[in-house]
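Colleague: Below: one structure in structure tokens.
A short reminder: the numbers here are calculations on the coordinates, not readings from a lab. What you see is a predicted model; the values in this text were computed from it and never measured. Cβ: placed from backbone, ideal geometry, glycine included. Neighbour counts: every protein chain shown.
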């Protein structure tokens with residue numbers, strides 16, 4: 001770690017049940033020649049702003065072989081919780097006590113790159129909290145199930161929020177305390193931080209940092225990964 005910057009712990013969340021994928025472990029899905037988990041680890045290994053990695057998973061034994069190459073930085077495993085929020089809490093609890101920032105990323109986004117990671121971390125250093133996002137290209141309708149369309153928000157103001165999401169450690173833990181006090185529940189960490197009154201800087205990226213949610217997403221990810229390899233990109 002450079003003496004000129006804070007210590008950053010990455011928390012990779014990969015403990016989901018994969019219900020919409022038929023219950024498969026998304027971390028072990030092959031994207032080209034490598035698993036989603038391996039691709040994520042390689043990106044975080046290459047990101048100079050990351051000092052350690054904590055992997056939150058259902059079973060460390062399932063991932064040990066895929067992580068054997070990772071020796072450049074400390075690597076830890078933590079048990080997943082009943083919800084994504086519980087899994088993130090498990091990850092930060094396992095992080096180094098000197099962590100000044102947490103970089104939280106979903107293992108289901110295997111096409112993250114060192115550049116994307118570094119852009120989010122850099123923005124968080126300046127603003128305290130940051131997350132990557134992409135502009136929404138579809139027209140979005142806010143629909144009431146009983147009364148139909150309520151309104152159509154202007155597309156220029158709409159962004160799809162992704163991971164990595166990076167937070168100053170004290171800010172994040174304070175936000176968790178506020179959420180617990182208020183009974184506030186969210187699957188998105190930026191929402192938890194904003195609920196506590198903090199502001200998040202949103203950093204635009206291209207459309208390649210997709211999430212594996214449905215089976216067809218795997219085919220899209222494989223196409224993007226193949227294109228990157230042909231173009232010599234990471």
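Colleague: Apply the a/c threshold of 1.5 to the C-alpha gyration tensor of region 117-234 and tell me whether it is rounded, prolate or oblate.
Modeller: Note, shape of region 117-234 comes out oblate.
Colleague: Hey, another quick one. Using bins 5 angstrom wide from zero, how does P(r) for region 92-141 break down, in % of all Cα pairs?
Modeller: 4, 15, 22, 21, 19, 10, 5, 2, 2
Colleague: How many nm is it between the label spots at residue 67 and residue 159, if each spot is 7 Å from the Cα in line with the beta carbon?
Modeller: 3.0 nm
Colleague: Something else about it: For residue 213 and residue 136, FRET efficiency with R0 = 22 Å and r from the beta-carbon atoms, rounded to 0.05? If you can, show how the numbers build up before the last one.
Modeller: Numbers: r = 16 Å, r/R0 = 0.74.
Rounded to the nearest 0.05, the efficiency is 0.85.
Colleague: Relative to the present Cα-Cα distance, how much length would full extension add between residue 151 and residue 220 at 0.36 nm per residue of separation? Each step should come with its number before you reach the end.
Modeller: Working: separation 69, 0.36 × 69 = 24.84 nm, distance 3.14 nm.
In short, 21.7 nm is gained.
Colleague: Can you sort 146, 126 so the residue with the fewest Cβ neighbours within 10 Å comes first? Don't skip to the answer; put the middle values down first.
Modeller: Numbers: 146 5, 126 8.
Neighbour counts put them in this order, fewest first: 146, 126.
Colleague: Sort region 136-202 into rounded, prolate or oblate with this rule: let a ≥ b ≥ c be the square roots of the eigenvalues of the Cα gyration tensor; rounded if a/c is under 1.5, and if a/c is not under 1.5, prolate when a/b is larger than b/c, oblate otherwise. Spell out each step's value before the answer.
Modeller: On the way: a/c = 3.25, a/b = 1.69, b/c = 1.92.
Verdict is oblate for region 136-202.
Colleague: Bins of 5 Å, beginning at zero and ending with the bin holding the largest distance: percent of Cα pairs per bin for region 20-138, please.
Modeller: 2, 10, 19, 24, 23, 13, 6, 2, 0
Colleague: Any chance you could check the Cα centroid distance between region 59-87 and region 151-177 for me, in angstrom?
Modeller: 24 Å
Colleague: Let me check I have the definition right: for region 80-121, take the eigenvalues of the Cα gyration tensor, multiply each by 5, take square roots. What are those semi-axes in whole Å, largest first? Don't skip to the end; give the middle numbers.
Modeller: Numbers: eigenvalues 81, 50, 8 Å².
Semi-axis lengths for region 80-121 are 20, 16, 6 Å.
Colleague: Average projected area of the Cα convex hull of region 8-231, in nm²? Write down the numbers at each step before the final one.
Modeller: Numbers: hull surface 54.1 nm².
Approximately 13.5 nm², given one-decimal rounding.
Colleague: Next up: Scaled to the compact-protein estimate 2.2 N^0.38 Å, what is the alpha-carbon radius of gyration of region 187-234, rounded to two decimal places?
Modeller: Details: Rg = 15.5 Å, N = 48, 2.2 N^0.38 = 9.6 Å.
Cα-based Rg divided by the globular estimate yields 1.62.
Colleague: Let me have the 222 nm mean residue ellipticity of the chain computed from DSSP H runs of 4+ only, each contributing -39500 (n - 2.57), with the sum over all residues rounded to the nearest 500. Don't skip to the end; give the middle numbers.
Modeller: Details: 7 runs with 78 residues, N = 234.
Counting only the DSSP helices, I get -10000 deg cm²/dmol.
Colleague: Out of all DSSP beta bridges with both ends in region 8-231, state the antiparallel percent to the nearest 5.
Modeller: Taking every DSSP beta bridge with both residues in region 8-231, the antiparallel ones total about 40 percent.
Colleague: Taking 0.36 nm per residue of separation and subtracting the Cα-Cα distance, what length does fully extending residue 96 through residue 205 add? Don't skip to the answer; put the middle values down first.
Modeller: On the way: separation 109, 0.36 × 109 = 39.24 nm, distance 2.89 nm.
This chain segment gains 36.4 nm when fully extended.
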